[in-house]
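Visitor: There's a structure below that I have some questions on.
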């Protein structure tokens, strides 16, 4: 998998948590992902106790979709993924998540440089406090402060990051507002990923129209597996435009 222009077009990714992705539910959601031609499978989470390698192996046994590592901590590093999101939490001021963990991970990742995608990870407050905020010991940027979010994204691009990930947080009450996605897309030239709190196909369409390049679905698909099929159908509509 080439990461130079990742994601490169309107794309849909399914995020699998190693603690939740197992058994019959994993088999079923991967079957849907394969049938609707989801673009990527992301593996990782903010808190996990199960092997990321085992999950990647299980995914590869059941589908042909590229696997991308979305590491929530240093214990989730692996060489098995097709690509690795090197996340820098630029919305927070925790030095470990800005550079500290990256220093520790660098020797492990040095032989996988062609797989790395440096990502500016921006948490946007969209309701109740999420697991990501608690674990990262940072505060999300309030959704009513779009100017700060836009400036943060611009700074990430100027620092050489190759993608901006606007994240409402796993299980968020609401997704990142489309107005914020639009404002960021109008001020940066790198791809934008959006995840967290996306519950239905209308929200997927709204976020694509606002400028999202990659939409990441997680809990929404656990509650409604059909959402993945609907999201991929909307993606296909955009690709025909």
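Any read-out appearing in this document is the output of simple, stated calculations on the displayed coordinates, not a laboratory observation. Keep in mind it's a predicted model, so treat the numbers as computed, not measured. Backbone-built Cβ (ideal geometry, glycine too); neighbour counts: all protein chains shown.
Visitor: What is the stretch 187-241 by shape, rounded, prolate or oblate, if you read a ≥ b ≥ c off the alpha carbon gyration tensor as root eigenvalues and call it rounded for a/c under 1.5, prolate for a/b larger than b/c, and oblate otherwise?
Guide: Details: a/c = 2.39, a/b = 1.40, b/c = 1.70.
Here the stretch 187-241 falls in the oblate category.
Visitor: Quick check on the exposure proxy: order 241, 1 from fewest to most C-beta atoms within 10 angstrom. Please list the in-between numbers first.
Guide: Numbers: 241 6, 1 12.
Ordered by Cβ neighbours within 10 Å, fewest first: 241, 1.
Visitor: Calculate the length of the line joining the C-alpha centroid of the stretch 80-157 to that of the stretch 1-68, in whole Å.
Guide: So the separation of the two Cα centres works out to 20 Å.
Visitor: Among 65, 90, 148, whose mean-square fluctuation peaks in a Gaussian network model of the chain (Cα, cutoff 10 Å)?
Guide: Fluctuation is largest for 148.
Visitor: Now a separate question. Shape call for the chain from the C-alpha gyration tensor, a ≥ b ≥ c root eigenvalues: rounded (a/c under 1.5), prolate (a/b greater than b/c) or oblate? Working shown, then result.
Guide: Numbers: a/c = 1.37, a/b = 1.07, b/c = 1.28.
Verdict is rounded for the chain.
Visitor: For the stretch 141-227, just say rounded, prolate or oblate: build the C-alpha gyration tensor, square-root its eigenvalues into a ≥ b ≥ c, call rounded for a/c under 1.5, and beyond that prolate if a/b exceeds b/c, oblate if not. Intermediate results must be reported in sequence, preceding the final value.
Guide: Values: a/c = 1.99, a/b = 1.81, b/c = 1.10.
Since a/c reaches 1.5 and a/b is larger than b/c, the shape of the stretch 141-227 is classed as prolate.
Visitor: So if each residue of separation counts as 0.36 nm, and I subtract the Cα-Cα distance between residue 64 and residue 4, what length gain in nm does that give?
Guide: Details: separation 60, 0.36 × 60 = 21.60 nm, distance 2.05 nm.
So the extension gain works out to 19.6 nm.
Visitor: For residue 73 and residue 110, compute 0.36 nm times the residue count separating them, minus their Cα-Cα distance, and round to one decimal in nm. Don't jump to the answer; show the numbers that get you there.
Guide: Values: separation 37, 0.36 × 37 = 13.32 nm, distance 1.74 nm.
Contour length minus the Cα-Cα distance gives 11.6 nm.
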